Structure formats: structure tokens, C-alpha cells
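The values are calculated or read from the model by the stated rules, or taken from the named source; none is laboratory data. Nothing here was measured: the structure is a model prediction, and the numbers come from that model. Note: areas computed on protein heavy atoms with side chains; ligands, DNA, RNA excluded. Shrake-Rupley method; radii C 1.70, N 1.55, O 1.52, S 1.80 Å.
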Amino acid sequence: MEVEQLPLGTLGTNCYLIEQNKKTLIIDPGGDAEKLIRMIERRELTPKAILLTHAHFDHIGALDEVRDHFNVPVYVHQEEKDWLEDPEKNGSKFFSMVVSPIQARPADHFIDPGNMTIADFTFEVRHTPGHSPGSVSFVFKDGGFVIAGDTLFEGGIGRTDLPGGNHDLLIESIRKEILSLDAEMEVYPGHGGATTVEKEKLSNPFL
């Protein structure tokens, strides 16, 4: 299993391709749809699903273009079931200086915490609210990594000043759902570089 980090869109939001046996899961297609599509096709990968760590605008900017091109289902947590089509809830309304209002079609499926299997991929979904009510983290134990979205960054944590944000809940989510993972597990965030559970336990000033 391989993981590839692709900064996309105006804010350089990390999109991830989880690859195995020439199949891939697309996580958070935040923008630059043509670039993402070209890369997937050039590598002859077959997308099986689009997973969203949460539904903020910078994580869904290329959603409809990519889903339509590859004809794949979209998964989001039920807490944010109506965020994709609502610029106020997904935050694009408040960032009109850098992005046009984003209205994507509803997701095809809701994500529930627990073990999940899509095609050749088996992983664990952990509900990690705080940055947003429906934030989730995807734990790929066999690969030794977790896709944490905007919950935890290298030396930082997600912002909580957008609609539905809750600082205390975010800290609780990080401690309970991410820092409880194996110390050597890699953490791939929604922005910036990768880190590890151990490094954030020892040096993250917010924790």
C-alpha cells in the first residue's frame, strides 16, 4: 500500500491517493481537478471511491469534476450531509476573496465510525470532531498511517473558529482517537507535511 500527498487548490490542501494493486482511494480532492485526473490516468490507477475527512470548501473544490470523470461514489460523515451544497456551511461563502462559492452535489454514502472495506482497502474510520462536527480520520493500520484531515498538524491543530468548530472537543478527539494510535504511526494532515504520533505527543505545543 502506498500513499501519495498532492497539495491542490488555492490553499494547497493535501489530497491523498491511497494506492494498492493499481486501485486507489481519493481523499479530499480540494481543487485542480484536471491536474488530479491527469495524474491518476497517467499512472493507470482505477479510483474506487472519494472519501472526505470533512466538507470544508478547500477539501471539496474538485469533488464533482473528479467523481463524474471516474464515476465513483463519495463518502462523508452524516453530520455534514448538507454541507457540500451549502456555501455557508462549507465555508466558501466566507472566503470569497480567494474562492467562488462552492456547491457540490450530495454524497452517495455516509461514513460511520468503525472498520470499513472498499475494494482492496480495509481501514478504520475514527470520528474526530472539533475542527468541524463531521471530521473523521482514516486509519490504515496495515500501511502504518492515518489521514487526519484538519484535526492534527505537524506542531499544530485545526482551527475551530468556523461554523461547528469546538476547541475543547478537538483536543479531546486528538487525545482519544489519534494519540492513542501506535507511536510510530505516520500522521498525514490536511495541510503541510507529515508527522508521527510520537512526535506530536512529545512536542506539539497545543497538546
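Given a 1.4 Å probe and the protein chains as shown, Lys141 ends up with an accessible area of around 130 Å².
In units of 2.2 N^0.38 Å, what is the alpha-carbon radius of gyration of segment 14-81?
1.02
Estimated from helical segments only, the mean residue ellipticity of the chain at 222 nm is -4000 deg cm²/dmol, where each DSSP H run of four or more residues counts as -39500 (n - 2.57).
Each Cα pair of segment 1-146 feeds into the Kirkwood radius, which the Stokes-Einstein equation turns, at 10 °C and 1.306 mPa s, into a diffusion coefficient of 105 µm²/s.
So for segment 122-207, averaging the separation of alpha carbon pairs under 8 Å that are six or more residues apart and normalising by length, what relative contact order in percent results? Please list the in-between numbers first.
Working: 180 pairs, mean separation 25.9, N = 86.
Result for segment 122-207 is 30 percent.
Considering only the chain, what is the antiparallel percent among its DSSP beta bridges, to the nearest 5? Percent antiparallel among DSSP bridges in the chain is about 65. Looking at the calculated P(r) for segment 61-207, what percent of the C-alpha pair distances fall above 24 Å? Cα-Cα pairs of segment 61-207 separated by over 24 Å account for 34 percent. Segment 113-184 and segment 52-78 have their alpha-carbon centroids 18 Å apart. Calculated on C-alpha atoms, the gyration radius of segment 63-127 divided by its Kirkwood radius gives an Rg/Rh of 1.04. Across the accessible surface of segment 1-123, with the other protein chains kept in place and a 1.4 Å probe, carbon and sulfur atoms take up 45 percent.
Over the chain, accessible surface divided per residue gives 44 Å², non-protein components excluded, 1.4 Å probe.
Expressed as a whole percent, the accessible area of segment 145-207 that falls on carbon and sulfur atoms is 49 (1.4 Å probe).
In summary, the convex hull built on the alpha carbon positions of segment 43-99 has an orientation-averaged projected area of 4.5 nm².
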